[in-house]
Amino acid sequence: MSLDVTAVLPDRTAWTQRHLLDLESLTAEEITLILDTADHFKEITDGCRKKLTALSGYTCCNLFFENSTRTRTSFSLAARRLGADTVEFSSSGSSLSKGETFIDTAKNLEAMNVDLMVVRHSTPGTPHLLAQHVDCSVISAGDGPHEHPTQGLLDILTIRQHRGDLAGLTVALVGDIAHSRTARSNIWGLKKLGAHVIVCGPSTLVSERWSDVGVEVANNLDEILPRCDVLNLLRIQFERQITRPFPSVREYALLYAMNSQRMRLAKDDILITAPGPINRGVEITSDVADGPHSVILDQVTNGLAIRMAVLWLVGGGENLNG
Amino acid sequence: MKTSSLLIRNGRVVDPSQDLDVTADLLIEDGRVAGIGEDLGDAHTSLDAGGLLVVPGLIDLHVQLREPGFEEDETIESGTSAALAGGYTTIACLPNTDPPIDTQAGVEFVLHQAQRANHCNVFVLAAVSKGCEGEQLAEIGSLVAAGAIGFTDATLPIHNAELMRHALQYCRMFDRPILNRPEVLELTRRGIMHEGLISTLLGLPGMPIESEDVMTSRDVRLAEATGGHVHLMSLSSLGSIDLVRRAKARDVAVTADISPAHISFDDEELRSFDANFKLNPPLRSANHVQECIEGLLDGTIDCIASAHAPRASEKNMLELDKAPFGAVGLETALATVISRLVEPGHLSWLEAIAKLSTNPAQVLGLESKGSLALGADADVTLIDAQLDWVVNPLRFRSKSANTPFAGCQLRGQAVATIVGGEIRWTSPDRMLEMRDASDLTTP
């Protein structure tokens with residue numbers, strides 16, 4: 001099928017991965033390839049044409065063992081924009097509640113000729129285990145506090161669109177690093193592309209161990225703020241904490257919330273990102289979230305482009321150029 | 001010549017209880033050791049042990065047999081059969097069954113099933129607390145009368161310090177040890193792996209070493225104060241080993257074991273997210289693994305125990321947080337000790353066998369076991385220390401295959417396991433030359 005596509009997509013033969021499970025195992029070249037591809041898809045879909053046929057005939061299954069609105073919608077939409085059929089599966093009301101193991105569930109779905117599985121799960125490593133047991137491609141949509149590769153990619157894409165090269169930039173991830181999959185994907189992706197990464201938050205939520213892999217560890221936001229080119233404000237993951245590792249939300253906001261007062265300490269061109277859903281008044285105040293430095297909504301748009309790029313690369317569908 | 005006699009000829013006899021390491025014959029009569037030396041006379045059956053080690057039968061003081069209640073994982077029949085294949089002539093089983101072994105009837109059931117299976121000797125470690133719930137003492141006196149050899153709440157730490165203190169005091173009356181898994185549960189709740197760099201990178205909930213160190217410290221102090229004997233199961237941390245080392249220097253009645261997995265692997269293995277590496281205590285980082293070996297060398301750690309924890313395969317096909325802790329170990333423990341401790345020169349054969357047989361016998365108070373002295377129970381293991389093999393869980397005699405050693409090349413294997421003078425198991429991997437007296441008299 002010939003397509004009315006003017007943009008030229010990057011060479012996909014450079015992509016050799018069957019799955020996308022995390023960013024830790026990708027090379028800088030592979031990450032750049034995804035970003036470049038996403039840029040092209042964004043160009044195509046921002047134009048007149050919203051629907052492509054690159055994955056026409058493919059079936060993409062959204063296997064969500066944990067609630068999600070934005071990521072799930074984003075993946076669904078990305079798959080449909082590439083012409084794929086989508087199947088939605090959620091754990092509530094499924095065979096899982098009847099005692100079936102998640103591997104059996106996935107194998108049953110695969111037996112219905114699914115080509116791609118997008119998996120969200122609350123336990124780290126579940127996409128990796130799944131990838132060992134099924135023949136189709138597995139894309140992680142977040143595994144517990146481990147990684148959320150497409151979120152990391154879309155955060156990085158957003159920064160790249162505003163700042164160009166990532167190398168030499170100082171990016172601070174602020175908040176609940178311990179329980180954040182977004183933080184881990186950002187750390188690997190940013191480091192591989194040459195950025196300096198700072199993790200900042202209360203000492204109970206930011207492990208000193210991060211310095212072992214070349215990440216700067218900080219507890220005082222005001223001290224690091226003047227050096228930062230980008231802030232990524234992470235949500236406090238109350239649902240993953242057993243006993244609350246800080247005294248109160250009020251105290252947290254006092255120490256770490258990005259507000260207009262703190263903005264005065266920041267560089268004039270600082271970029272504020274947040275993976276969302278944002279808790280207004282906790283990690284970010286409304287004036288900052290809706291202010292000129294915030295690129296939070298760009299991130300959402302970029303999420304779609306990143307997921308199209310990932311589905312296309314991993315799915316190995318029809319080459320748009322050919 | 002007695003009809004129930006067995007002569008094991010020309011083996012390298014290693015017996016730590018007599019500090020003996022010689023090439024000699026071993027004569028067994030009526031289920032007891034009748035002599036070590038040369039020209040011991042004829043026996044009804046004779047066995048050529050040239051090139052093999054002849055050692056007191058291996059003793060494992062930390063085995064889960066899972067029956068009653070969890071027969072999908074293991075039965076007393078399959079577990080004791082696995083023990084024989086691993087060279088064990090005696091095992092002590094934990095009470096974490098359903099119902100837990102906290103009554104005389106429970107103890108007698110296990111002993112009865114073991115007798116029926118007729119594989120290796122089985123001794124019961126009964127529950128310290130009723131239902132292993134950590135609240136009230138079980139009827140320890142009655143359990144001793146039924147044959148319980150020691151007391152433990154199995155994989156559940158005795159978290160109530162007062163209960164632990166009472167248990168140590170009370171068990172002194174019966175001269176039985178309390179076996180505890182030192183762990184402060186508040187620090188390990190929801191934990192999946194060792195807390196460290198790898199858990200930070202993987203986002204997996206960590207189990208900090210302080211959990212083990214703090215509880216070890218408590219147990220050592222309580223043992224010291226009460227004069228009771230505490231045996232710490234599956235030590236894994238630098239700090240806890242150091243605490244035990246110092247306690248021993250003060251003559252506190254504390255003993256300890258570690259599992260072969262903890263000297264073979266570190267927390268890097270969890271990068272595979274493979275549930276077979278999900279152990280409790282968790283596989284630690286390399287510096288702790290090194291200290292475990294040090295602890296074995298200097299005698300701080302008395303025993304090596306398999307920590308055999310069979311789990312049916314469907315339980316390990318779950319997400320890492322839902323998969324159970326533990327791994328089978330009976331059929332790989334000896335080979336691991338040979339490959340990782342004896343071959344690299346960490347332990348001599350005398351030291352290795354002491355930790356696999358003589359010391360566990362002492363911890364459990366089994367006076368006629370763990371030794372090849374004249375009159376000792378004729379529990380003997382013959383080992384081919386040169387046999388290389390690759391671990392294939394499908395070949396296990398255990399019902400379960402959850403092992404971190406799958407595919408590992410190991411050296412050394414038990415080739416014959418003799419219980420009470422009877423050859424109960426011979427390895428299919430190495431033929432033994434055996435002759436009956438009747439063959440000899442045939443013209």
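The values are calculated or read from the model by the stated rules, or taken from the named source; none is laboratory data. Remember, it's a predicted structure, so these values are computed and weren't measured experimentally. Neighbour counts are summed over all protein chains in view; Cβ atoms, including those assigned to glycine, are modelled from backbone coordinates with ideal geometry. Accessible surface areas use protein heavy atoms only, side chains included; no ligands, DNA or RNA. Shrake-Rupley method; radii C 1.70, N 1.55, O 1.52, S 1.80 Å.
Just one of the numbered conditions (1) more than 30 Å from A:PRO149 (Cα to Cα); (2) within 14 Å of another protein chain (Cβ to nearest Cβ) is not true of B:MET207; which one?
(1)
Somewhere in region B:252-274, is a residue of a type in the set (A, V, I, L, M), away from chain A (no Cβ under 14 Å), more than 30 Å from B:ILE198 (Cα to Cα) and part of a helix (DSSP H, G or I)? Give the steps one after another, and end with the answer.
From region B:252-274, those of a type in the set (A, V, I, L, M) are B:252-254, B:256, B:258, B:261, B:263, B:270; that's our starting set.
Cutting the leftovers down to away from chain A (no Cβ under 14 Å) gives us B:252-254, B:256, B:258, B:261, B:263.
When the remaining residues are screened for being more than 30 Å from B:ILE198 (Cα to Cα), the result is B:252-254.
Then drop every residue that is not part of a helix (DSSP H, G or I), which leaves none.
Looking through region B:252-274, none of the residues is of a type in the set (A, V, I, L, M), away from chain A (no Cβ under 14 Å), more than 30 Å from B:ILE198 (Cα to Cα) and part of a helix (DSSP H, G or I).
Here are B:ASP25, B:ASP15, B:ASP30: which of them is at positive phi and either within 28 Å of the chain's Cα centre (by Cα) or surrounded by 19 or more Cβ atoms within 10 Å (Cβ to Cβ) (or both)?
Working: B:ASP25 fails: at positive phi; B:ASP15 fails: at positive phi.
Selected residue: B:ASP30, the only one of B:ASP25, B:ASP15, B:ASP30 that is at positive phi and either within 28 Å of the chain's Cα centre (by Cα) or surrounded by 19 or more Cβ atoms within 10 Å (Cβ to Cβ) (or both).
Only one residue in B:SER357, B:SER368, B:SER400 is in contact with a helix residue (DSSP H, G or I) (Cβ under 9 Å, 6 or more places away or on another chain), open to solvent by 30 Å² or more (accessible area, probe 1.4 Å) and at pLDDT 95 or above. Which one? Give the steps one after another, and end with the answer.
Values: B:SER357 fails: open to solvent by 30 Å² or more (accessible area, probe 1.4 Å); B:SER400 fails: open to solvent by 30 Å² or more (accessible area, probe 1.4 Å).
Going through B:SER357, B:SER368, B:SER400 in turn, just one is in contact with a helix residue (DSSP H, G or I) (Cβ under 9 Å, 6 or more places away or on another chain), open to solvent by 30 Å² or more (accessible area, probe 1.4 Å) and at pLDDT 95 or above: B:SER368.
Looking only at residues in region A:153-181 that are within 13 Å of chain B (Cβ to nearest Cβ) and of a type outside the set (A, V, I, L, M), which one is surrounded by the fewest Cβ atoms within 10 Å (Cβ to Cβ)?
Applying the first criterion (within 13 Å of chain B (Cβ to nearest Cβ)) to region A:153-181 yields A:176-181.
Those still in the list that are of a type outside the set (A, V, I, L, M) too: A:176, A:179-181.
On the way: A:ASP176: 27, A:HIS179: 21, A:SER180: 29, A:ARG181: 27.
Across region A:153-181, the extreme among qualifying residues is A:HIS179.
If A:ALA111 satisfies all but one of (1) over 21 Å from A:LEU153 (Cα atoms); (2) away from chain B (no Cβ under 14 Å); (3) surrounded by 15 or more Cβ atoms within 10 Å (Cβ to Cβ); (4) without any contact (Cβ under 8 Å) to a residue 24 or more places away in the chain, what's the number of the condition it fails?
Single failed check for A:ALA111: (3).
Take region B:227-238 and flag every residue that is farther than 15 Å from B:HIS262 by Cβ and either open to solvent by 10 Å² or more (accessible area, probe 1.4 Å) or free of Cβ contacts under 8 Å to residues at least 12 places away in the same chain (or both).
Initially, region B:227-238 is screened for residues farther than 15 Å from B:HIS262 by Cβ, giving B:227-231.
Selection gives B:GLY227, B:HIS229.
Could you list, in sequence order, the residues of region B:98-113 that are farther than 21 Å from B:HIS231 by Cα and open to solvent by 10 Å² or more (accessible area, probe 1.4 Å)? Talk me through it step by step, then tell me what you get.
First, the residues of region B:98-113 that are farther than 21 Å from B:HIS231 by Cα: B:98-99, B:103-106, B:108-113.
The answer is B:ASP98, B:PRO99, B:THR103, B:GLN104, B:ALA105, B:GLY106, B:GLU108, B:PHE109, B:LEU111, B:HIS112, B:GLN113.
Checking B:THR381 against (1) part of a strand (DSSP E or B); (2) closer than 30 Å to B:SER272 by Cβ; (3) not aliphatic (A, V, I, L, M), which test does it fail?
B:THR381 satisfies every listed condition except (2).
Take A:THR158 and decide whether it is over 10 Å from the mean Cα position of the chain (by Cα) and among the β-branched types (Val, Ile, Thr). Before the answer, list the steps.
Values: over 10 Å from the mean Cα position of the chain (by Cα): yes; among the β-branched types (Val, Ile, Thr): yes.
The answer is yes for A:THR158.
With respect to A:ASP143, determine if the residue is open to solvent by less than 10 Å² (accessible area, probe 1.4 Å), under 26 Å from A:THR37 (Cα atoms), touching a Pro at 6+ places or on another chain (Cβ under 8 Å) and within 14 Å of chain B (Cβ to nearest Cβ). Explain how you work it out, then say what you get.
On the way: open to solvent by less than 10 Å² (accessible area, probe 1.4 Å): yes; under 26 Å from A:THR37 (Cα atoms): yes; touching a Pro at 6+ places or on another chain (Cβ under 8 Å): yes; within 14 Å of chain B (Cβ to nearest Cβ): yes.
Spelling it out, A:ASP143 is indeed open to solvent by less than 10 Å² (accessible area, probe 1.4 Å), under 26 Å from A:THR37 (Cα atoms), touching a Pro at 6+ places or on another chain (Cβ under 8 Å) and within 14 Å of chain B (Cβ to nearest Cβ).
Just to be sure before I move on: is B:SER78 within 23 Å of B:ARG311 (Cα to Cα), surrounded by fewer than 24 Cβ atoms within 10 Å (Cβ to Cβ) and in contact (Cβ under 8 Å) with a residue 24 or more places away in the chain in the structure I sent? Outline the logic, then answer.
Working: within 23 Å of B:ARG311 (Cα to Cα): yes; surrounded by fewer than 24 Cβ atoms within 10 Å (Cβ to Cβ): yes; in contact (Cβ under 8 Å) with a residue 24 or more places away in the chain: yes.
For B:SER78, the condition - within 23 Å of B:ARG311 (Cα to Cα), surrounded by fewer than 24 Cβ atoms within 10 Å (Cβ to Cβ) and in contact (Cβ under 8 Å) with a residue 24 or more places away in the chain - is met.
Filter region B:298-331 down to the residues that are aliphatic (A, V, I, L, M), open to solvent by less than 30 Å² (accessible area, probe 1.4 Å) and either within 14 Å of another protein chain (Cβ to nearest Cβ) or in a loop (DSSP other than H, G, I, E, B) (or both) and list them by number.
As a first pass, look at region B:298-331 and keep what is aliphatic (A, V, I, L, M): B:301, B:304-305, B:307, B:309, B:312, B:317-318, B:320, B:323, B:327-328, B:330.
Within this subset, residues satisfying the condition of being open to solvent by less than 30 Å² (accessible area, probe 1.4 Å) are B:301, B:304-305, B:307, B:309, B:312, B:320, B:323, B:327-328, B:330.
Across region B:298-331, the qualifying residues are B:ILE301, B:ALA305, B:ALA307, B:ALA309, B:ALA312, B:LEU320, B:ALA323, B:VAL328, B:LEU330.
Collect the residues in region B:185-200 that are farther than 16 Å from B:ARG284 by Cβ and either crowded, with 24+ Cβ neighbours inside 10 Å or facing chain A (nearest Cβ under 7 Å) (or both), keeping them in residue-number order.
Step one: of region B:185-200, the residues farther than 16 Å from B:ARG284 by Cβ are B:185-186, B:189-190.
Correct list: B:ARG189, B:ARG190.
Which ones in region B:114-139 are within 23 Å of B:ILE59 (Cα to Cα) and surrounded by 15 or more Cβ atoms within 10 Å (Cβ to Cβ)?
From region B:114-139, those within 23 Å of B:ILE59 (Cα to Cα) are B:114-128; that's our starting set.
Answer for region B:114-139, where residues must be within 23 Å of B:ILE59 (Cα to Cα) and surrounded by 15 or more Cβ atoms within 10 Å (Cβ to Cβ): B:ALA114, B:ALA117, B:HIS119, B:CYS120, B:ASN121, B:VAL122, B:PHE123, B:VAL124, B:LEU125, B:ALA126, B:ALA127, B:VAL128.
Here are B:ILE178, B:ILE241: which of them is buried (at least 24 other Cβ atoms within 10 Å of the Cβ) and in contact with a Gly (Cβ under 6 Å, 6 or more places away or on another chain)? Let's see the steps before the verdict.
Details: B:ILE178 fails: in contact with a Gly (Cβ under 6 Å, 6 or more places away or on another chain).
Within the list B:ILE178, B:ILE241, the selection yields B:ILE241.
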